[in-house]
Amino acid sequence: MADAPTYSVIIPVYNSAKIVSLVIARTMAFFEKQGWSYEIILVNDGSRDNSWQVIAAQAAQLPHVI
């Protein structure tokens, strides 16, 4: 992203591997529909499932996800 985002969304993630991709997609859809500049910051709160792997994969593929 060339410009700093206007909005930062911080999402805590705890044992949410099954739903975190859906949460990201819905959040992105909302901001895209509005035409707003944004970033999504995901914070892994010590998950014991594979939430971190999902977060890392999403961040590697989606420029708005950190």
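The numbers here are math on the coordinates, done by the rules we state, and not lab data. Just so it is clear, the model here is predicted, and its values are computed rather than measured. As a convention, Cβ positions derive from the backbone with ideal geometry for all residues, glycine included, and neighbour counts pool all protein chains shown.
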Problem set entry | Karplus-derived 3J(HN,Hα), 6.51/-1.76/1.60, for each residue of the range 12-25, Hz, glycine and proline x | x, 10, 9, 6, 10, 4, 6, 10, 4, 5, 5, 4, 4, 4
Exercise. Each residue of the range 35-42 in order: what ³J(HN,Hα) in whole Hz does its phi give by Karplus 6.51 cos²θ - 1.76 cosθ + 1.60, θ = phi - 60°, with x for Gly and Pro?
Worked result: x, 8, 7, 8, 9, 10, 9, 9
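Express the relative contact order of the chain as a whole percentage, based on alpha carbon pairs under 8 Å and six or more residues apart in sequence.
Values: 85 pairs, mean separation 29.3, N = 66.
That works out to 44 percent.
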Exercise. Which far-off residues, 5 or more places away or on another chain, put their amide H under 5 Å from the one on L42, with H placed in the peptide plane?
Worked result: I11, I66
Exercise. Can you pull out the chymotrypsin sites (Phe, Trp or Tyr not before Pro) in the chain that DSSP calls coil and that have at most 11 other Cβ atoms within 10 Å?
Worked result: W36
Seminar exercise, completed: Taking Cα atoms only, helix 51-61 is inclined relative to the longest principal axis of the chain by an angle, in degrees rounded to 10, of 30 degrees
Problem set entry | Assigned charges on the beta-carbon of Lys, Arg, Asp, Glu; the chain dipole about Cα centre (debye) | 200 debye
